[in-house]
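Enquirer: If you scroll down you'll find the structure; I have some questions about it.
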Amino acid sequence: MLATKLVDNAYDVALENFDAAADALGLDNDTREMIKYPERVLTVSVPVRMDDGTIKRFQGYRVQHSTARGPAKGGIRFHPQVTLDEVKALATWMTWKCAVVNIPFGGGKGGVTCDPKHMSQHELEHMTRRYTSAILPLIGPQQDIPAPDVYTNPQTMAWIMDTYSMTKGYTIPGVVTGKPISLGGSLGRNEATGRGVFYTIECACEHLGIPLKGATIAVQGFGNAGSVAAQLLHEAGAKVVAVSDSAGAIYNKDGLDIPELIHMKTIAGHVHGFPGSEPIDPAALLAFKCDILVPAALENAVTAENASSVSARIIAEAANGPLTPAADRILESKGAFIIPDILCNAGGVTVSYFEWVQDEQHLFWEAQDVYNRLEKVMKTSFRDVLKIHLDRVVPMRIAANVLGIGRVAEAIHIRGIYP
Ligand code: GLU
């Protein structure tokens, strides 16, 4: 009997995407060997005294996939499903992502397997600090710069920055990005991922001749990326008709009142029960009849099983790795236009770069300056990827990878091999 593959392993997906783009680029085997795999992988054990007095051990990771173009860069994820393979995949995608938007960073990622929704602030702080101390040999403003990811936030970054600084003996804000503003964070960083998603959707609509005003949108995941993208799309006159989070999904055919929904989510912690909305099956949200689908949750949201039911014309990957390669193929054959994750959600790391630059210079920018620079980076990168898509007649995902991987390969060639 054939074993059924339940979920795609994210790292297998990352390697498969790499191979497809490397083939399109005509990359030689030596270069592939040098840039495909992570440079460093660290597994750490994180003991924490919990509020009830017992000690609980958590498993943590930090992976540096590449430092060819600059310090490793990428978020830290706290989630029950974190595995080493997931962190390796996310680190790999960070490398190509930073290269696509042409910022001088490599790629890295960290994670701790834990359930932050069932931990107190005190437990989270202790886990974050002990994890930071365990990965300390790897991180630093010139080495590897963490940032928020799923279920981590500016407060988490503040604890990392403080732990690192205390160990070194002086304050080093540039060791992390996505910090609170009062500790050297950048204006506009918190909304940057969603804002970047919005800019790429604007570009895709323009390219396809779809008016954004009046376009219908479904958003899977209402965290930092999904909620901000929904807000900006709503402000631009689009109708966000369906939204889900990890606890449920809702819909209103005339469009949900997104500012009110964000307000409720902040207070109640969920979207279900929103006045004026009807509950729907979260799985059905992906198949919702709409112009634009924004998967903004986790990997493997759209797979071979449900891809054929997706009817959206544009799929904007606010999450990392939400589509499996099989889903990609099905959606491509249906004529969907995919804005791949390493382009679509690169606004977060782009403003992380701006934050790092400001920290290094001790000189801070106005919010409008951050937005203008972000818009320029996102729209230029979209045009660069679109050009490869059209010139080479390859899917948008391959086009983005061709651009990113090509830039990393170029850096490796010029640097040569040490010793
Ligand atoms: N976690 C975000 C991402 O996946 C941001 C990373 C960063 O700012 O370094 O792109």
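The values are calculated or read from the model by the stated rules, or taken from the named source; none is laboratory data. All values derive from a computational prediction rather than experimental measurement. Reconstructed Cβ throughout: ideal geometry from the backbone, glycine too, with neighbour counts over all protein chains shown.
Enquirer: For THR132, work out the one condition from (1) assigned to a helix (DSSP H, G or I); (2) away from the ligand (no atom under 12 Å from the Cβ); (3) more than 19 Å from THR43 (Cβ to Cβ) it doesn't fulfil.
Expert: Failing condition for THR132: (3).
Enquirer: Same structure again: Which ones in region 251-265 are not aliphatic (A, V, I, L, M) and not in a helix (DSSP H, G or I)?
Expert: TYR251, ASN252, LYS253, ASP254, GLY255, ASP257, listed by residue number.
Enquirer: Still on this structure, please answer the following. Which pairs turn up if I take residues in region 331-357 that are farther than 16 Å from GLU299 by Cβ and look for partners that are more than 16 Å from the ligand (Cβ to nearest atom) and of a type in the set (D, E, K, R) with beta carbon separation below 8 Å, at least 6 apart in sequence or on another chain?
Expert: Hits for this filter: GLY335/ARG313; ALA336/ARG313; PHE337/ARG313.
For (1) of a type in the set (A, V, I, L, M, F, W, C); (2) surrounded by 21 or more Cβ atoms within 10 Å (Cβ to Cβ); (3) out of contact with any Gly (no Cβ under 8 Å at 6 or more places or on another chain), each residue gets a yes or a no:
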residue: ALA24; (1), (2), (3): yes, no, yes
residue: HIS65; (1), (2), (3): no, yes, no
residue: GLU86; (1), (2), (3): no, yes, no
residue: ASN102; (1), (2), (3): no, no, yes
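Enquirer: Taking region 311-331 on its own, how many of its residues are in a helix (DSSP H, G or I) and either crowded, with 22+ Cβ neighbours inside 10 Å or at pLDDT below 95 (or both)?
Expert: The total comes to 2.
Enquirer: Next up: Which count do you get for residues in region 337-395 that are of a type outside the set (A, V, I, L, M, F, W, C) and within 16 Å of the ligand (Cβ to nearest atom)?
Expert: 14
Enquirer: From the set of residues in region 135-151 that are within 13 Å of the ligand (Cβ to nearest atom) and closer than 22 Å to VAL357 by Cβ, which is nearest to the chain's Cα centre (by Cα)?
Expert: Within region 135-151, the match that is nearest to the chain's Cα centre (by Cα) is ASP149.
Enquirer: Criterion first (under 26 Å from ARG40 (Cβ atoms), within 16 Å of the ligand (Cβ to nearest atom) and touching a Phe, Trp or Tyr at 6+ places or on another chain (Cβ under 9 Å)) does ILE160 satisfy it?
Expert: Taking the combined requirement at face value, the residue satisfies it.
Enquirer: Report, ordered by the first and then the second residue, all pairs with beta carbons closer than 6 Å, sequence separation of six or more or different chains, a first member in region 99-127 that is in a loop (DSSP other than H, G, I, E, B), and a second member that is within 11 Å of the ligand (Cβ to nearest atom) and among the small types (Gly, Ala, Ser).
Expert: The qualifying pairs are VAL101/ALA346; GLY106/ALA72.
Enquirer: Also: Tell me, yes or no, whether region 324-336 has at least one residue that is within 16 Å of the ligand (Cβ to nearest atom) and within 26 Å of GLU86 (Cα to Cα).
Expert: Checked against the condition, which is being within 16 Å of the ligand (Cβ to nearest atom) and within 26 Å of GLU86 (Cα to Cα), region 324-336 yields no hits at all.
Enquirer: Which members of region 163-192 meet the condition of being within 14 Å of the ligand (Cβ to nearest atom) and free of Cβ contacts under 8 Å to residues at least 40 places away in the same chain?
Expert: Of everything in region 163-192, those that are within 14 Å of the ligand (Cβ to nearest atom) and free of Cβ contacts under 8 Å to residues at least 40 places away in the same chain turn out to be VAL175, VAL176, ASN190, GLU191.
Enquirer: Taking interchain pairs and intrachain pairs at least six residues apart, which have beta carbon atoms under 8 angstrom, with the first residue in region 266-283 and in a loop (DSSP other than H, G, I, E, B) and the second among the aromatic types (Phe, Trp, Tyr)?
Expert: Between residues of region 266-283 that are in a loop (DSSP other than H, G, I, E, B) and residues that are among the aromatic types (Phe, Trp, Tyr), the close pairs are VAL271/PHE222; SER277/TYR251.
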